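Report on the structure given below.
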Amino acid sequence: MKELKPQVKVGILGGGQLARMLALQGLKLGLDVHVLSARSDDPAAQVVRHWTQGNVESSADLKKFFGKVEIATFESEFLNVDLLSKATPRGRLEPKPKLMGLLQDRLTQKQLLAEHKIPTADFMAVETEADLLKAWSLFDGRLILKKRRFGYDGYGTFKLTHPSEVSKLVKLIENEPSGFIAEALIDFDRELAFMIARSRSSDIATLPLVETHQENSRCLWVKGPSRNPKAKQLMKRFAHVLKKIDYVGVMGVELFETAKGLMVNELAPRVHNSAHYSLDALGCDQFTLHWLCLLGQNLPKTAALRAPGFAMWNLLGSCEREPSWNLGDENLNFHWYGKSENRPGRKMGHLTALGSTPEKALASIRKSRKSFAL
Ligand SMILES: Nc1ncnc2c1ncn2[C@@H]1O[C@H](COP(=O)(O)OP(=O)(O)OP(=O)(O)O)[C@@H](O)[C@H]1O
Ligand SMILES: [Mg+2]
């Protein structure tokens with residue numbers, strides 16, 4: 001492994017929980033972590049010494065920030081790519097602005113998958129009422145409509161299985177500047193995910209396959225490691241895609257497990273909720289891995305598991321009461337993001353547990369989380 005120079009000045013665009021965990025793990029590596037975000041009480045702003053107040057959508061603020069850091073990354077792919085390309089010195093933002101553009105748009109993301117023959121739900125672009133009607137008939141009245149950009153946690157996705165829902169969505173479609181895609185609704189058995197990482201040195205690593213469970217289109221828990229006979233092959237194919245597009249950093253791959261095999265749901269060009277378990281369950285977590293990629297380090301080849309099973313549970317906010325917790329359970333790892341506002345459904349923190357099987361790890365969180373007032 002190449003020597004890691006501590007004190008490298010690294011930057012993070014954005015100040016939410018992903019930025020906070022990136023910052024904390026970066027600090028552990030001895031990096032000089034800078035954060036650009038709007039408010040001093042943002043989750044990531046609270047944990048770094050070098051916080052720059054600013055707007056990630058302002059050219060002047062970006063230029064100022066890049067004057068302070070050698071290399072930077074982001075916690076959300078939904079930034080203004082044109083502005084970023086102009087304001088970012090070449091080679092100093094990873095993944096690259098061009099790839100952010102390719103992956104932030106569900107249509108071009110799907111086209112990339114199709115180009116590399118990676119199975120995904122059939123799709124078409126939808127901009128008008130006529131397109132929607134066409135999609136309705138193409139997908140036999142079972143489809144999901146997704147905003148091409150800015151969707152997350154189910155915001156911007158609409159399931160359609162009844163004709164009355166079609167007419168309700170027409171206005172929405174015509175008023176959405178970035179457009180929609182329609183996808184065939186997939187009958188899946190489970191939702192799975194994995195992380196793949198590519199270093200600037202071209203080294204590749206993958207983290208274990210996990211099962212994710214969504215409620216109201218929002219991730220509630222993750223357990224693993226999971227098995228699927230086709231996963232290794234798919235991971236290999238992704239290694240090839242990442243090389244082809246010169247991707248640097250970690251990428252989250254969300255999957256559907258179906259009777260016909262694995263299908264990709266979507267890609268996230270950044271650290272991802274489905275791999276938060278890695279902070280406590282693996283020898284090298286996803287945030288550390290991301291920094292190693294940016295710094296051109298070789299990557300750990302095997303993701304050393306700290307236990308045969310692990311699980312993660314998202315602590316979603318409620319406006320009814322403030323959280324309280326009992327940290328007496330030594331098998332439970334508690335992560336709180338320090339958000340100033342506790343809103344219903346908002347990701348406020350997460351719990352992880354280890355166990356002799358994935359199921360036992362998940363069961364131990366279920367039991368312990370009763371003592372959490374969230
Ligand atoms: N084609 C599909 N068929 C069946 N279910 C789907 C399909 N697409 C999405 N879903 C369901 O909706 C959930 C959310 O969809 P998706 O992951 O595409 O959007 P998102 O709101 O951007 O979520 P994220 O927060 O993961 O970015 C999925 O995890 C899955 O449960
Ligand atoms: Mg998703």
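A few comments on the model shown:
- Members of region 26-72 that are out of contact with any Asp or Glu (no Cβ under 7 Å at 6 or more places or on another chain), of a type in the set (A, V, I, L, M, F, W, C), closer than 15 Å to TRP291 by Cβ and not in a helix (DSSP H, G or I): LEU29, LEU31, VAL33, VAL35, ALA44, VAL48, VAL69, ALA72
- Within region 142-159, considering residues that are modelled with pLDDT under 90 and open to solvent by 70 Å² or more (accessible area, probe 1.4 Å), the one farthest from ligand 2 (Cβ to nearest atom): PHE150
- Sole exception among (1) at positive phi; (2) of a type in the set (Lys, Arg); (3) open to solvent by less than 40 Å² (accessible area, probe 1.4 Å) for ARG106, by number: (1)
- Some residue of region 179-201 being under 19 Å from ARG270 (Cβ atoms), over 17 Å from the mean Cα position of the chain (by Cα) and away from ligand 2 (no atom under 14 Å from the Cβ): yes
- Criterion (out of contact with any helix residue (DSSP H, G or I) (no Cβ under 7 Å at 6 or more places or on another chain) and either part of a loop (DSSP other than H, G, I, E, B) or buried (at least 16 other Cβ atoms within 10 Å of the Cβ) (or both)) met by exactly one of ARG200, ARG227: ARG227
- Considering only residues in region 118-130 that are surrounded by fewer than 18 Cβ atoms within 10 Å (Cβ to Cβ) and in contact (Cβ under 8 Å) with a residue 12 or more places away in the chain, the one that is nearest to the chain's Cα centre (by Cα) turns out to be PRO119.
- Looking only at region 231-283, residues that are touching a helix residue (DSSP H, G or I) at 6+ places or on another chain (Cβ under 9 Å), within 16 Å of ligand 2 (Cβ to nearest atom), open to solvent by 10 Å² or more (accessible area, probe 1.4 Å) and of a type in the set (A, V, I, L, M) come to 1 in all.
- Yes/no for LYS68 being open to solvent by 50 Å² or more (accessible area, probe 1.4 Å), within 16 Å of ligand 2 (Cβ to nearest atom) and free of Cβ contacts under 8 Å to residues at least 60 places away in the same chain: no
- Yes/no for SER178 being within 15 Å of ligand 1 (Cβ to nearest atom) and part of a loop (DSSP other than H, G, I, E, B): yes
- Whichever residue in region 86-96 is open to solvent by less than 20 Å² (accessible area, probe 1.4 Å) and outside any loop (DSSP other than H, G, I, E, B) and, among such residues, is farthest from MET21 (Cα to Cα): ALA87
- Selection status of LEU83, within 29 Å of ASP61 (Cα to Cα) and either open to solvent by 40 Å² or more (accessible area, probe 1.4 Å) or modelled with pLDDT of 95 or more (or both): yes
- Region 161-181 residues that are in contact (Cβ under 8 Å) with a residue 12 or more places away in the chain, paired with ones that are assigned to a helix (DSSP H, G or I) and open to solvent by 40 Å² or more (accessible area, probe 1.4 Å) (beta carbon under 6 Å, 6 or more apart): VAL166/TRP136; VAL170/GLU129
The values are calculated or read from the model by the stated rules, or taken from the named source; none is laboratory data. Everything numeric here is computed off the predicted structure, so don't read it as measured data. Every residue, glycine as well, gets a Cβ built from its backbone with ideal geometry; the counts of neighbours run over all protein chains shown. Remember, those area values only see protein heavy atoms, side chains included, never the ligands or the DNA or RNA. Shrake-Rupley method; radii C 1.70, N 1.55, O 1.52, S 1.80 Å.
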